[in-house]
Amino acid sequence: MTAGPQVARLLTLAPYLQRREYVDVTEVAADFDVKPRQVLDDLQVLVMCGLPGGLPDDLIEIDLDLARDEGVIHMRNSPLSRPLRFTRDEAVSLIVAVEAVREVADGPTAQAAQSVLDKLSGLVSEAPPVRLEVAAGGDDVRDRLGQAIDQGLQVRLTYDGLARRGTTTPIVDPVRVEVRDGASYLVAWALDRNDWRSYRLDRIAVAELTGQPAGGHGAPPVTGTSLDNAPDTATLDLDAGAAWVAEYYPVRDVTVLPDGGVKVVLPVADPGFLTGLILRLGPLVRSVDPPSAAADALAEARAASSQLD
Amino acid sequence: MERRTSERLVNLTVALLTARTFTSKDRLRDLVEGYHGLNTENFDRQFERDKDTLRSLGVPIETGTDDRYFADEPGYRIRRNDFELPPLSFTPAEVAVLVTAAQVWQQASMAESTTHALTKVWASGVEPDIDRLGALRPHISAKESAWQPLWDALQARQIVTFTYHDVARRVAPFMLAYRHGAWYLAGFDDTRGAPRLFKLGRIRGDVTPTGQPGAYELPDTPADELLAGLEEAQPDSTALLEVRSGRAPWLTRRGEPVDQGQEWGRWKLPYASGGAVVDDIAMGGADVRVIEPPELALAVAAHHRALLDRLEATP
């Protein structure tokens with residue numbers, strides 16, 4: 001039934017407008033996630049709705065001219081003063097979304113998220129059958145970063161990056177925390193790189209304020225990291241046991257081979273990362289293209305295996 | 001055409017909400033302008049469809065009779081308490097959380113459900129404050145094609161069939177778990193007679209619901225044991241490693257420093273013998289030496305030699 005979505009929206013729109021004496025069509029459109037044209041269409045239906053009885057006073061009153069010409073909605077006389085309760089899908093999706101916020105937020109925000117959950121849990125008869133686990137790093141790190149972002153402060157990170165396969169201590173201006181593919185990342189301006197970088201929160205061992213304010217660098221790129229623009233790629237042919245690579249890393253392409261092996265194309269922003277991956281996969285690697293991309297890994301493997309001799 | 005339908009459905013809802021008693025079908029036919037001019041057969045059909053539509057949106061229409069009046073005729077009503085979202089109020093910090101939550105789901109139908117839920121919250125009188133979106137952007141994605149049918153079946157408590165590791169399964173879904181960006185299903189596998197964990201990304205082909213909704217109950221603590229299987233195995237052994245200073249932090253952070261020199265340091269590392277410790281050590285290349293136990297040192301050396309054999313063999 002195609003009228004369903006509009007009816008659901010109207011049952012919410014009427015109480016929404018009733019509580020807001022004058023509101024912009026554009027604001028309503030944004031809150032309801034529909035086009036302004038749809039809002040105007042909805043208003044045309046609402047003016048035909050009201051108390052049964054058919055008397056003029058029974059109907060919802062909206063100044064349609066004001067809405068059309070000035071983009072402002074003024075409504076009165078709605079018999080619907082409260083929205084419909086949540087459907088099960090609505091309650092569960094909202095509760096899980098708030099849980100996600102709690103999992104990755106710093107102390108004060110996580111507390112606010114928990115109190116939202118306490119309020120919402122009274123509205124459902126059972127806990128949502130969804131479990132979220134997001135790698136979010138230590139509480140201290142999150143709290144310090146939350147504070148630094150809020151107050152515009154610079155931090156020094158102790159970072160266990162995989163690219164260098166060692167610990168570095170970059171000084172950064174932190175801007176936001178993103179969650180992608182189940183892990184949290186700090187998006188920050190790295191002073192030594194003079195560029196934006198992402199740092200996985202669970203690899204930030206320590207975050208300390210340097211005492212300097214953060215500089216202004218504009219808005220960071222919308223998604224992703226230097227990986228998205230990496231000019232180089234390497235193609236790895238792997239045994240079936242390494243198929244998890246395609247699921248775990250942002251591969252550009254993956255082909256399943258007839259015998260169950262996989263061919264993955266990986267973007268390479270920092271060669272150290274690829275070296276570490278090849279060393280880790282070891283016997284599961286069938287070939288690397290270009291062969292030069294494996295040179296460092298082979299040199300390390302040679303040095304490491306000769307240590308025993 | 002759709003406008004008239006929406007109009008009629010909203011008016012029917014209002015009529016049922018505002019009546020103080022059960023209202024008969026005939027009375028509703030008079031009260032709701034959208035039913036005027038329909039012959040009886042068409043009205044009956046339309047009314048049934050309208051009730052179904054409203055119920056599918058979550059409108060709680062009750063059937064019953066008010067004994068004093070229409071003892072033979074069924075009547076209908078909506079009780080305000082059942083219809084209305086209870087009053088909600090949120091602090092500014094809580095509103096900021098809700099505004100952030102609006103952006104969390106990257107999966108289309110869940111994102112839509114979240115938007116609908118939040119517009120109901122705003123319609124309760126809570127003001128959304130977009131400026132408070134702030135610096136936190138958590139996202140949950142659900143790209144696996146099995147996700148939507150499993151979610152629907154889970155909500156409906158309906159058994160599903162699908163192929164997993166080349167074997168056909170019949171499963172009662174208990175829980176969906178999200179870990180490291182991948183989704184897992186915990187459920188009772190009829191074909192194995194036991195609870196099982198399935199990685200959604202490995203389900204090949206369709207997930208098909210079978211049988212009736214409401215076919216089973218969720219167990220009380222359904223998935224805890226199963227999900228523990230996703231956790232890393234508990235350490236049962238200890239290695240002694242030599243690591244170049246500042247290198248291989250993924251090992252040293254799990255370990256205990258023993259003797260720290262200038263260039264090299266010694267670390268005690270607990271590990272699970274059945275786990276991936278050889279891979280983890282190998283990743284450190286020449287920056288990591290295994291001092292003890294000897295079997296582990298040999299295993300790591302064999303791992304590196306196998307890599308060399310394979311890659312150096314190819315011309």
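The values are calculated or read from the model by the stated rules, or taken from the named source; none is laboratory data. As the structure is a computational prediction, the values presented were derived from the model and not from experiment. Neighbour counts run over all protein chains shown; Cβ positions are idealised from the backbone, glycine included. The accessibility values were calculated without ligands, DNA or RNA, using every heavy atom of the protein model including side chains. Shrake-Rupley method; radii C 1.70, N 1.55, O 1.52, S 1.80 Å.
Were the residues from residue B:103 through residue B:262 laid out at 0.36 nm apart, the gain over their Cα-Cα distance would be 52.4 nm. Highest average first, the peptides A:148-155, A:246-253 ordered by how many other beta carbon atoms sit within 10 Å of their residues are A:148-155, A:246-253. Axis angle, to the nearest 10 degrees, between helix B:2-18 and the longest C-alpha principal axis of chain B: 80 degrees.
Excluding ligands, DNA and RNA, the accessible surface per residue across the range B:199-315 is 56 Å² with a 1.4 Å probe. Considering only A:266, B:237, A:72, and ranking their Cα positions along the charge dipole of the protein assembly as shown that arises from unit charges at the beta-carbon of Lys, Arg, Asp and Glu, the one farthest toward the positive end is B:237.
Computed from label points 7 Å out along Cα-Cβ, the spacing between residue A:168 and residue A:235 is 3.0 nm.
Roughly how big is the A-B contact, given as buried accessible area in Å² (both sides, 1.4 Å probe, nearest 100)? In total, chains A and B hide about 9600 Å² from solvent. Report, to one decimal in Å, the Kirkwood hydrodynamic radius for the range A:45-109 based on all distinct Cα pairs. That comes to 15.5 Å for the range A:45-109. Taken per residue, the accessible surface of the range A:1-72 reaches 49 Å², heavy atoms only and a 1.4 Å probe.
The accessible surface of the protein assembly as shown, taken with every protein chain in place and a 1.4 Å probe, is 48 percent carbon and sulfur. Entry note, the protein assembly as shown: the mean residue ellipticity at 222 nm calculated from DSSP H runs of n ≥ 4, each adding -39500 (n - 2.57), is -11000 deg cm²/dmol after division by the residues and rounding to the nearest 500.
Computed over chain A with a Gaussian network model linking Cα atoms closer than 10 Å, the most mobile of A:205, A:67, A:299 is A:67.
Can you tell me the dipole magnitude for the protein assembly as shown around its Cα centre, using point charges on the Cβ only (Lys, Arg +1; Asp, Glu -1), in Debye to the nearest 20? So the dipole magnitude of the protein assembly as shown works out to roughly 360 debye.
When the protein assembly as shown is described by a simple charge dipole with +1 on each Lys and Arg Cβ and -1 on each Asp and Glu Cβ, the residue from A:32, A:245, A:206 located farthest towards its positive end is A:245.
Mean per-residue shielding of peptide A:109-118 is 5, counting Cβ atoms of other chains within 10 Å of each Cβ. For the range B:1-87, the ratio of Cα radius of gyration to the globular rule of thumb 2.2 N^0.38 Å stands at 1.07.
D by Stokes-Einstein for the range B:203-315, Kirkwood Rh over Cα pairs, 25 °C, 0.890 mPa s: 141 µm²/s. With R₀ fixed at 51 Å, the C-beta to C-beta distance from residue A:190 to residue B:39 puts the FRET efficiency at about 0.10.
Shape summary: the range B:25-133 maps onto an equivalent ellipsoid whose semi-axes, from the alpha-carbon gyration tensor, are 39, 17, 11 Å in decreasing order.
State, as an integer percentage, the relative contact order of chain A based on alpha-carbon contacts under 8 Å between residues 6 or more apart. This gives 11 percent for chain A.
Scaling the Cα radius of gyration of the range B:100-175 by the globular reference 2.2 N^0.38 Å produces a ratio of 1.48.
For chain A, the C-alpha radius of gyration divided by 2.2 N^0.38 Å, with N the number of residues, is 1.41.
If the Kirkwood radius is taken over C-alpha pairs of chain B, then at 10 °C and 1.306 mPa s the Stokes-Einstein diffusion coefficient equals 61 µm²/s. Taking Cα centre as origin and charging only the Cβ of basic (Lys, Arg, +1) and acidic (Asp, Glu, -1) residues, the dipole magnitude of chain B rounds to 420 debye. Computed from the C-beta positions of residue B:298 and residue B:234 and an R0 of 22 Å, the FRET efficiency is 0.40 to the nearest 0.05. Out of all DSSP beta bridges with both ends in the protein assembly as shown, state the antiparallel percent to the nearest 5. Just about 90 percent of them are antiparallel.
For the range A:57-157, the Cβ-based charge dipole about the Cα centre amounts to some 460 debye (Lys, Arg positive; Asp, Glu negative; other atoms uncharged). Temperature 4 °C, viscosity 1.567 mPa s: under these conditions the Stokes-Einstein estimate for the range B:120-162, based on its Kirkwood radius over C-alpha pairs, is 92 µm² per second.
Pairs of Cα atoms in the range A:1-82 fall into 10 Å distance bins, from 0 up to the last occupied one, in shares of 18, 57, 23, 2 percent. If you run the Gaussian network model on chain B, springs between alpha carbon atoms under 10 Å, then out of B:226, B:197, B:54 the most flexible one is B:54. Overall dimensions of the protein assembly as shown, expressed as equivalent-ellipsoid semi-axes from the Cα gyration tensor (√(5λ), whole Å, largest first), are 57, 29, 21.
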